[in-house]
Each structure stands twice: as C-alpha cells, then as structure tokens.
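Input: a single structure, listed below in structure tokens.
The values are calculated or read from the model by the stated rules, or taken from the named source; none is laboratory data. All figures in this text were calculated on a predicted structure; none of them were measured in a lab. Every residue, glycine among them, receives a Cβ derived from its backbone with ideal geometry; neighbour counts consider all protein chains shown.
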Amino acid sequence: MNFAIYGRAFTADCSEQVNALIALLRERRIDFSMFAPFYDFLCRSYAMRIPRVPLFTELPPKATDCLLSIGGDGTFLGSLQHVRHSGIPVAGINCGRLGFLSAASFDELPEAIEALVQEKYTIEDRTLLEVQCDDLPDTIYPYALNEIGVQRHTPAMINIHIRLNDDLLPAYWADGLLVATPTGSTAYSMSVGGPILVPQSKSFVLSPISPHNLSIRSLVITDDTVVTLMVETRHTTAFLTIDNQLVEIPSGARFIIRKAAFTVRIVRFHGAKFFDTIREKLSWGKDYRNPY
C-alpha cells in the first residue's frame, strides 16, 4: 500500500505523534510520500530526521492509495485542495481539538494503519459545493466540503439577494449567509442555528448569520438547486468564504453556487456511526438523566 501524508505547521507540539506515524509506516514497510511544505516544517522546526521520500506540492503521486491528513478539521479541509478530483480516499488522523471529520485519533493510530492495510474500512462519498464568480482569484480552490458563505466586512450588515433556480427569494439583511452541505451542517451552519443533516441527505441548507428580521430562518433545499447570490454593502467589499479560504469581493458581486461534479472520498473505519460521532464530539443530548 502507498500512503501520502499531508499536514500543516502546527502550534501545539505534535512532533512525537508524527514521529510515531513515520516509524510505524517504516516498520510495516509501507511506502509513503509527504506534502513538501509539511516535510520542510518538520525538518526545520523540530529537526526531525525523516527518510528521503517522494514529496508533492499539488496532487500526491498517482500510485497513492490513501492520503493521511494529520491535524484537525482545518487541516482535513486543506487536504482536499490536493486530492481534488483524483478519487484518492482521505483518512483524517486527529491531533487537533475536535477532529469531527477524522477517522481516528493518534491513540488509535496502530489500529487505523492496520485497518487501512487490511482494507477493513468503508468509503463515504461526500458532496462538494462549487462556486463560480468572475472576481475569484486563480489561486483559490473553488470547491467546499463544508460551506460557501458571504459575510460583512464592516459592522454594517449586508443585503443578500438570492435566487434558487428561477425563484427569487426575499432579500436577506444580515451579517452574512452560508450555503452548507450535509457535511457542513454540523460546522458553522449549526453554530448559527441551522439544522443538522445526515451525510446521505441529498440537500443543502441556507443559514443566515444574524439576520435582522424575525421571519428569516434556515432553509433546506435539494442539492440539484442552483443558488445565485448578489451582495450589496455600504462598504466597497464583502468577504466570500470557501471552507477555510477567504476572498474579498466587491459590493455588487454576483456568484453561482451548485453541487460539484465530483465527490470527496472519506475513510470511515468499521463501527464508526454518524450519530455516535455527534454524540461524542458535540455532546449531543448530554444530560445527567440520560443513561447513555
């Protein structure tokens, strides 16, 4: 089996865990490549002695069977810009705070590697969002696993005009608006009051951020809907967010959001269940009266 290792510069010292991962792969004689900036960071900041391995800056080598994302949810989202439409499965190994998207923690690393080698895992195909906008720089990856949103740039609220296919919605006066996937429904969208969608839902959710109108609520739509947004603001610009990417856009900018033509393949080990994850990670239903 051939792995690719992706990571980013970390603030907490995770070098011991990364050393353990590399030692485990070498012990099992598993070939692997590494994301070049992560490799350089480990060698420079922690003087780690990593064997010479193939390095990548964009797509991993074609022979890659699985990409290991080392870090938290932000790192996992960043890894998707390097997997893109290649079909390479991604397994998150959490050394961050929440790790909602991760398949395993570092404490479970030996078992996770063994399960990957023995192919004792399942693949979940997760829907992505795509955004089209004339003002989008070429350096921005226009796909999102969690959400695409627009947000104010100053304390003044913004006016968001929305069209769903050919249907015009009332304008949203708010701090912003999120268009979230089922995967992203447990992220920023949930924190602003949006509903939780199970991953298999063929839906998106529109979640306003601090709307200045009591009648404005989150809206669940089918995932074949084309969402067209136009933003007006007193300031000259607003912010467009694409997962953890931030782009400044001019007032009056128009952009189109739709379901991407490809999915991302996420590794899930046997026994992992969605409702168990939100119970454990998000303290869902935590109450001293509950027996579980």
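Here are the numbers:
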| item | result |
| --- | --- |
| Subset of region 129-166 [out of contact with any Lys or Arg (no Cβ under 9 Å at 6 or more places or on another chain) and among the β-branched types (Val, Ile, Thr)] | Thr139, Ile140, Ile148, Val150, Ile160, Ile162 |
| Number of positions in region 87-110 that are of a type in the set (S, T, N, Q) and touching a Lys or Arg at 6+ places or on another chain (Cβ under 8 Å) | 0 |
| Residues of region 133-146 satisfying the condition of being within 18 Å of Phe262 (Cβ to Cβ) and not in a loop (DSSP other than H, G, I, E, B) | Tyr143, Ala144 |
| Test set (1) modelled with pLDDT under 95; (2) in a strand (DSSP E or B) - Arg258 fails condition number | (1) |
| Selected residue [hydroxyl-bearing (Ser, Thr, Tyr), at pLDDT 95 or above, buried (at least 19 other Cβ atoms within 10 Å of the Cβ) and more than 23 Å from Arg265 (Cβ to Cβ)] from Ser207, Ser185 | Ser207 |
| Residue in region 240-247 that is modelled with pLDDT under 95, over 14 Å from Val150 (Cβ atoms), touching a helix residue (DSSP H, G or I) at 6+ places or on another chain (Cβ under 7 Å) and not acidic (Asp, Glu) present | yes |
| Search result, residues across region 261-289 that are touching a residue at least 60 places away in the same chain (Cβ under 8 Å), in contact with a helix residue (DSSP H, G or I) (Cβ under 8 Å, 6 or more places away or on another chain) and not in a strand (DSSP E or B) | His270, Ile278, Leu282 |
| Tabulated pairs, region 17-35, first among the small types (Gly, Ala, Ser), second part of a helix (DSSP H, G or I), C-beta under 8 angstrom, 6+ apart or interchain | Ala20/Phe106; Ala20/Leu109 |
| Scope region 211-232; condition farther than 15 Å from Arg163 by Cβ, among the aliphatic types (A, V, I, L, M) and surrounded by 13 or more Cβ atoms within 10 Å (Cβ to Cβ); matching residues | Ile216, Val220 |
| Set Leu214, Leu246, Leu219, Leu229: member being within 15 Å of Ile158 (Cα to Cα) and not assigned by TED's automatic domain parsing to the domain that holds Gly87 | Leu229 |
| Number of the condition not met by Arg49 [criteria: (1) part of a strand (DSSP E or B); (2) of a type in the set (Lys, Arg); (3) surrounded by fewer than 14 Cβ atoms within 10 Å (Cβ to Cβ)] | (1) |
